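The values are calculated or read from the model by the stated rules, or taken from the named source; none is laboratory data. In this text, all values refer to a predicted model and were calculated from it rather than measured experimentally. Ideal geometry is used to build each Cβ from the backbone, glycine not excepted, and the neighbour counts take in all protein chains shown.
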Amino acid sequence: MSIIPFYGVDRPDLFAIERAAMDRPGRVIERLDRLLPAGTIADIGAGDGFTAERLATPRRRIVAVEPARAMIDRNRHRTWVQADAEALPFRDGSFDAAYATWAYFFSRGPLDPTPGLEELHRTVKPGGTIVIADNAGDDEFCAFSQHDISADPRFWRGRGFGIEIVDTVFAFETAADAWRLLDFYFDGIGSAPPTLLTYRVALFIGVSQGPPRY
């Protein structure tokens, strides 16, 4: 199981600040709620289940898939599966849809995204919705980074995904919270950050093609 090291395991205090501040208005959640159908849905890289809890409805069952055991929050009453995105322990066509929020950094990282994408197509029924949320860039949040931390639209378009931009914000409760998280994220930010930052999120929206044909 190839788990990308995630700071939430060792720094739950910072992860709690992130979860509260990122998309505080809930605009990404609202859009995902409209995009996802009823049925059984996979949340790939579910973290502590924050998003899964908000998207579950009486007609929508969210299966929270998370590779890091320490991130799984059993107090959130979800169906939890500890598994890696590249080797999902589900039969072909198990899900009506799947999504990942800031978990599939496919188009900006050293790992080959192909196995994970193939697993999404395999486990989601043909014609089912696949949505990946990542940084769109060109906003006040991403501007703190010395490197490009936005997803590459060309990567997703080349794999048949459409792109939708959601304009939201990072909104911190206190200046101290903003400093702690952003200084950690960007390894020293040099000056006190504001408590409200514009944040653009890219939703990459695709349709499952079913299991790969070799």
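For the stretch 128-146, state whether one or more residues are over 20 Å from residue 45 (Cβ atoms) and part of a strand (DSSP E or B). Among the residues of the stretch 128-146, not one is over 20 Å from residue 45 (Cβ atoms) and part of a strand (DSSP E or B), which makes the answer no.
Could you tell me which residue of the stretch 159-214 is farthest from residue 103 (Cα to Cα), considering only residues that are hydroxyl-bearing (Ser, Thr, Tyr) and in a strand (DSSP E or B)? Going through the qualifying residues, I end up with 198. Does residue 39 meet the test of being under 14 Å from the mean Cα position of the chain (by Cα) and touching a residue at least 24 places away in the same chain (Cβ under 8 Å)? Spelling it out, it is not the case that residue 39 is under 14 Å from the mean Cα position of the chain (by Cα) and touching a residue at least 24 places away in the same chain (Cβ under 8 Å).
Considered as a group, the residues in the stretch 32-59 that are touching a helix residue (DSSP H, G or I) at 6+ places or on another chain (Cβ under 9 Å) and among the charged types (D, E, K, R) include one that is nearest to residue 203 (Cα to Cα), and that residue is 33.
Would you confirm, using the coordinates I've provided, whether residue 114 is polar (S, T, N, Q), more than 21 Å from residue 28 (Cβ to Cβ) and in contact with a strand residue (DSSP E or B) (Cβ under 7 Å, 6 or more places away or on another chain)? No; evaluated as a whole, the condition is false for this residue. Here residue 97 fulfils each of the conditions (1) in contact with a helix residue (DSSP H, G or I) (Cβ under 9 Å, 6 or more places away or on another chain); (2) small (Gly, Ala, Ser); (3) farther than 18 Å from residue 15 by Cβ; (4) at pLDDT below 95 apart from (4). Give the residues of the stretch 111-127 that are part of a loop (DSSP other than H, G, I, E, B) and among the acidic types (Asp, Glu), sorted by residue number. Once the filter is applied, which keeps residues that are part of a loop (DSSP other than H, G, I, E, B) and among the acidic types (Asp, Glu), the stretch 111-127 yields only 112.
Please determine, by comparing only the residues of the stretch 5-51 that are of a type in the set (Lys, Arg) and in contact with a strand residue (DSSP E or B) (Cβ under 6 Å, 6 or more places away or on another chain), which one is farthest from residue 97 (Cα to Cα).
24
Here's a check for you: in the stretch 1-48, which residue that is hydroxyl-bearing (Ser, Thr, Tyr) and at pLDDT below 95 is surrounded by the most Cβ atoms within 10 Å (Cβ to Cβ)? Looking at residues that are hydroxyl-bearing (Ser, Thr, Tyr) and at pLDDT below 95, I get 7.
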